[in-house]
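Here's the structure, in structure tokens; my notes come after.
What follows draws every value from the coordinates through simple rules; no lab data is involved. The structure presented is a predicted model; accordingly, all values stated were derived computationally and were not measured. Here Cβ is always computed from backbone atoms with ideal geometry, including for glycine, and neighbour counts include all displayed protein chains.
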Amino acid sequence: MLTARIKIGGSSGDPVDTQTYGLVYLDSDKRTAAPTKGFESTQYPEQEGENILAKTVDAAFDYTVKFFIQATSLENANEKVKAFNDVILPKDQNADTRTAQKIEFYNDYKRHKIVGYAPQPMAEPTEFWRDPKNQVNDVVVVELTIRVTKPSLCDFALSAGSNSGGGQTA
């Protein structure tokens, strides 16, 4: 099984397996580096091509992770999704506003560390199956989008076993 770990909020603890939240890692973006902002350029009608300032920096980007949720017989998948959403986007005390928590996602299979925020809760499963006879548990596939606002915090060449181990198991 492929493993992935996650750390939510600014705590100093180690990341935990995503299965702690009932999320089984399926897939994620194929990205191997942050995009760049591009070059600043000027163009003039009387001059061919363009003039560029050949300097750039990394740009913000979205990183999407796909999870599978299979609920146990005592709970349904909706409860697991709601519980996770309440952790990544908790309501502020005595208010209707929410404050997004910092997310560190460790993709042990692809050896990526992605750091950002979830701007939206996991609200629309890409697949949802519920047995009408209640003989099989709920099966749901959801996507989590992490908005990376500071790409320098990410690591696209994470060494194996970095920060509490991990990796692929048979």
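The table below lists the values:
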read-out: Alpha carbon centroid spacing (whole Å) that separates region 81-129 from region 55-72; value: 10
read-out: In order through region 8-24: 3J(HN,Hα) via Karplus (6.51 cos²θ - 1.76 cosθ + 1.60), integer Hz, x for Gly, Pro; value: 10, x, x, 5, 8, x, 7, x, 10, 4, 4, 5, 4, 9, x, 10, 9
read-out: Long-range amide H partners of T149 with built H, under 5 Å; value: Y117
read-out: Selection of GluC sites (Glu not before Pro), region 5-50, meeting DSSP coil and at most 11 other Cβ within 10 Å; value: E46, E48, E50
read-out: Most mobile listed residue (P151, P45, P35) in the chain, GNM with C-alpha springs under 10 Å; value: P45
read-out: Theoretical ellipticity at 222 nm over the chain - DSSP helices of four or more residues, -39500 (n - 2.57) apiece, nearest 500; value: -2000 deg cm²/dmol
read-out: DSSP-assigned coil residues among trypsin sites (Lys or Arg not before Pro) in region 1-38, each with at most 13 further Cβ atoms within 10 Å; value: K30, K37
read-out: ³J(HN,Hα) computed for each position of region 89-100 - Karplus, 6.51 cos²θ - 1.76 cosθ + 1.60, integer Hz, glycine/proline x; value: 9, x, 6, 5, 4, 6, 8, 8, 7, 10, 10, 5
read-out: Estimated D of the chain in µm² per second, where Rh is the Kirkwood radius over Cα pairs and Stokes-Einstein applies at 37 °C, 0.692 mPa s; value: 181
read-out: Degrees between helix 77-88 axis and first principal axis of the chain (Cα, 0 to 90, nearest 10); value: 50
read-out: Restricting region 19-61 to chymotrypsin sites (Phe, Trp or Tyr not before Pro) in coil, as DSSP defines it, with at most 12 other Cβ within 10 Å; value: F39
read-out: In sequence order, calculated HN-Hα J values of region 109-118 (Karplus, 6.51, -1.76, 1.60; Hz; x Gly/Pro); value: 6, 8, 6, 10, 10, 10, 10, x, 9, 8
read-out: Restraint check, K110/K150; K37/K91; K82/K110, Cα-Cα greater than 31 Å; value: K37/K91
read-out: Per-residue Cβ neighbour rank within 10 angstrom, fewest leading, Y106, Y44; value: Y44, Y106
read-out: Cα-based shape type of region 77-119, given that a ≥ b ≥ c are square roots of the gyration tensor eigenvalues and the cut on a/c is 1.5; value: oblate
